[in-house]
Every structure is written in C-alpha cells, then in structure tokens.
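Where a number appears in this text, it was derived from the coordinates with a stated rule and is not lab data. All of these numbers come straight from a predicted model, not from anything done at the bench. All Cβ positions, even for glycine, are placed from backbone atoms using ideal geometry, and neighbour counts span all protein chains on display.
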Amino acid sequence: MNWADTKEQEEFRIAVQSFIKDRLPDYYVEKSKDPAGTDLQPDENGIQYHEDWQHDMALGSDEAKKGAKEWAEALAENGWSAPHWPKEYGGGGLSSMEQFIFKQELALNGAPLVGGSGVAMLGPTLIHHGTEEQKKEFLPKTLNGDILWAQGYSEPGAGSDLASLQTRAVKDGDNYVVNGQKIWTSQGHKATWFFMLVRTDPEAPKHRGITFVLADTRENGVEVRPLISGGWQHATNESFYTDVKIPVSRRVGEENRGWYVGMTLLDYERSNIAGAVELKKEIDSGRFREDLYYRLNVVPIQVPPLSERREDIPELATRIMERSASSKGRRARDLTEDALAALQAHDWPGNIWELVNVIERVLLIAPVANGKAVTGNDISDAIGQEAKEQSSTDRTMKVMNLPLRLAREEFEKEYLTFHLRRFDGNISRTSEFVGMDRAALHRKLKLLGLHGTPEGK
C-alpha cells in the first residue's frame with residue numbers, strides 16, 4: 001500500500017504548512033519550542049492545570065489571550081476553524097484525508113486546534129440531529145468561541161458502561177428538571193455549557209430512556225467541583241445538578257432516543273490525530289514510555305452489539321439509508337419486509353459500522369430503476385461482498401501491527417508471490433514487471449523464503 005501523498009494532497013499539505021508559518025502567533029511558536037516546560041502551570045492555589053487553547057482564550061495571561069484570539073481569527077479567515085463542518089455552517093468542508101493532513105500539520109508545528117469539544121464533537125452532532133433553531137443559536141457561537149463546551153456523560157456508577165447512567169430528568173411543562181451527578185468532565189471548570197445524557201424513562205431498557213440535552217452551566221442548581229490528582233493537578237471535574245431546569249427546546253433529537261445522538265458524538269471524539277502526533281513526539285523525546293502508549297491508547301466504552309438489539313435494526317437501517325442518500329445526492333431507497341428480515345437475521349460481527357457499509361453498498365449497487373425497493377437478496381449480496389472486503393482489511397491490519405521491517409517483508413512476500421503466479425512462475429517476465437533484474441529477484445526470493453517458487457524461464 002502506498003501511503004505517500006497524492007499530488008493534490010501534497011499541494012494541500014504545503015498550503016497548510018505555509019499558512020502555519022505565516023499566521024501562527026509568536027506565543028504558540030515559542031510554546032512549541034519547549035512544550036514540556038509549558039504543559040503544566042500552577043494557579044493561585046498552587047494547583048497545576050494543563051494549558052490548552054480553551055484555557056488561553058478564557059483564563060490565560062494577556063499574552064495567551066492575544067495569541068489565542070489571533071490564531072482563531074486566522075483560522076476563521078481561511079475557513080479552517082471547523083475543518084470538518086460543511087461550508088454552509090461556516091466550516092472548511094475538507095475531505096477526510098485533508099482533515100488528517102490539516103490536524104497532523106497543526107500538531108507537528110505546535111499549533112492548537114480551536115473550539116475544543118464544541119467544534120470537534122458537538123457542532124457536527126447538532127448538524128446531524130439538531131433543529132434549525134438550535135443550529136442558528138449554537139453553531140455560530142461555538143465556532144467563534146463565545147461558547148465553551150464540556151461533556152456530561154460519565155457518572156460514578158456509569159463509566160465504561162455508560163448506559164447505566166442515573167442522572168434523572170423529569171419533564172415539567174416546557175422544562176426538564178434535572179437531578180444527578182457527572183464525573184471526569186474535562187475542562188468543565190472553563191465551560192459555559194454542557195452537552196449531557198440524562199435518563200428520562202427509568203422503566204425502559206437501559207439503552208433506551210436516555211435523552212441528549214444542552215445545559216447552561218450558569219443555571220441555578222449547577223455546581224462544578226475540581227478533581228485534583230495525586231500530583232496536585234487539575235484537568236477534570238465533577239458536576240452536581242439540583243433541580244436544574246433545562247428547556248425542552250434544548251433537547252437534541254427525540255426524547256428517550258438520546259443514546260443514538262450520543263453515539264454520533266462519540267464517533268467524532270474517537271478521531272484524535274493531533275493527540276497521536278503529540279504523544280509520538282513525547283515518546284521520541286523520551287518523556288513518555290512507548291509501552292504505556294499502547295496500554296493507554298484505548299478507553300473502552302461498552303455499546304451493546306447489534307446482535308443484542310435486533311429490534312433497533314430497522315430504524316437504524318432506515319436512518320442510515322436516509323443520511324447516506326442525502327450525503328451522496330441520491331434518492332433514499334425503501335427497504336422491503338424481506339430486506340429488513342435479512343438485516344435482522346445477520347449477526348453483525350462488525351457492529352454498526354458493518355451496517356453502515358452494507359447500506360451504503362446497497363445504495364450504490366442495487367438496481368434503482370423505477371425507484372425499486374431494496375430486497376432481501378440485495379441485502380444478502382451486500383453482506384457477502386462486505387465480508388470479502390473485511391477479510392482483506394483484516395489482512396491489512398495484521399501487517400499494520402507489525403514493525404516496519406517485518407511489515408515490509410510481509411508485503412514483499414505477498415506482492416512477489418502474486419506476480420509470480422500471475423506470470424506462471426516466469427522469472428524473466430516477473431522481474432521485468434516489478435523492475436528488478438533476474439539476479440536481484442532471485443536473491444530477494446531466497447531472502448524471503450520463496451526460493452522454492454517455480455522459476456520458469
């Protein structure tokens with residue numbers, strides 16, 4: 001596999017590098033020279049906190065506030081404040097690969113992402129699930145930094161098993177009255193708003209009866225307390241809610257269907273190119289143990305597999321079909337009863353992502369004449385094709401988990417074996433195609449343990 005940039009990607013990378021060189025404020029240029037020395041700072045009580053763009057903007061020194069403001073304005077001018085948002089909402093409209101390159105270059109050059117979790121996670125979630133009124137109210141303020149968001153998901157008894165959350169929201173007229181506690185809230189002491197999961201139906205199965213709401217931290221009854229580590233550091237918080245009134249108009253999505261809204265948000269949270277680059281820099285400098293990176297890199301969140309909630313599959317499939325069709329400029333297809341039955345009968349080892357891939361495959365390849373509905377046979381064919389491609393992906397991931405030397409050897413073995421078979425073992429034709437002389441190819445085959453391969457002529 002060739003991981004090199006395409007011509008277009010290279011041009012985009014150069015444009016990003018040039019932008020950073022020209023517009024990154026001196027404050028961040030100086031910070032990037034000694035990140036270890038500026039990572040932790042004591043407050044007036046001697047408690048250490050982690051510096052970030054949100055801190056610089058809201059609570060930093062005059063120099064930090066100036067640098068953060070200048071950088072936010074520079075990104076906004078270029079349309080890169082929210083690179084993954086659609087342009088119609090003020091975003092950059094960048095492709096997935098362009099987003100990767102953009103975040104990678106920012107991290108390599110010590111340039112911060114702006115907007116925090118609001119831009120990264122809540123914004124695109126509102127774009128998918130929010131009302132037009134919510135988008136108009138919250139998206140511009142999130143984009144320009146007028147609102148700083150924090151996430152209210154985890155609770156003392158609901159961490160990795162998030163669906164066990166107990167923070168209660170009781171509907172009272174036009175408001176929900178919320179009582180409960182959240183914990184491990186990163187940047188909660190800086191946030192002006194929380195996006196939260198609350199339980200609105202305690203009698204429903206635990207993944208049902210959950211609602212996604214937006215809470216103003218300045219409302220009566222909200223209390224945020226710092227969680228201080230053994231190293232006297234402050235990065236996370238716990239928050240308490242006592243008869244907090246949240247208008248129903250600040251509910252995102254349907255009541256009791258907030259789990260699906262929350263999972264949309266987590267999809268955006270899991271993309272952390274910048275964090276990976278920063279941690280790699282720490283490893284290379286000797287400030288972080290490489291083995292710990294692999295131990296700590298994954299935080300498990302228990303989401304019930306589709307095989308355990310088959311009753312949800314028809315609704316999920318329909319919504320995925322509608323969203324995929326809209327994003328691709330196509331007309332959504334109806335799913336026949338036998339198509340839904342085929343979807344519910346499958347075990348979905350790849351969980352929700354396999355379902356998304358199957359629906360998108362059906363949308364692209366199934367007959368579309370006269371608006372023909374998707375049949376059970378269409379679903380079965382798509383599932384079969386997806387399984388074939390997943391098998392190929394699994395082989396690729398096996399190689400990706402090897403050290404570079406072994407990965408190269410594995411690729412070369414597969415590559416040369418393929419072309420030897422292609423040319424019926426003819427060394428002359430194989431060497432000509434792969435660009436090696438015969439003697440070099442013989443040596444390579446012997447080195448890779450392929451010397452028993454038929455040599456041909």
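A few comments on the model shown:
- Residues of the range 120-144 with amide N under 17 Å of the 7 Å Cα→Cβ point at Asp174: 133-134, 137
- Cα→Cβ-extended label distance, 7 Å offset, between Phe411 and Leu108, nm: 1.8
- Sites Ser164 and Asn78 - FRET efficiency at Förster radius 25 Å, r taken between beta-carbons, to 0.05: 0.05
- Gain on full extension, evaluated as 0.36 nm per residue between Arg13 and Glu132 minus their Cα-Cα distance, stands at 39.4 nm.
- When each of the peptides 435-445, 176-186, 93-103 is scored by how many other beta carbons lie within 10 Å of its residues on average, the order from highest to lowest is 176-186, 93-103, 435-445.
- Net charge of the neighbourhood of Asn220, taken over other residues with C-beta under 12 Å away and scored Lys/Arg +1, Asp/Glu -1, is -2.
- Among the listed pairs Lys69/Lys182; Lys103/Lys190; Lys31/Lys190, those whose Cα-Cα separation exceeds 27 Å are Lys69/Lys182.
- Put a dot 7 Å past the Cα of Trp184, heading toward its Cβ, do the same for Phe433, and the two dots end up 5.2 nm apart.
- Stretchable slack from Thr6 to Leu266, in nm (0.36 nm times residue separation minus alpha-carbon distance): 90.6 nm
- Segment Phe100-Asn351, extension gain: residue separation times 0.36 nm, minus the distance between their alpha carbons: 87.9 nm
- Averaged over residues, the count of other Cβ atoms within 10 Å places the peptides 309-316, 250-257 in the sequence 250-257, 309-316, highest first.
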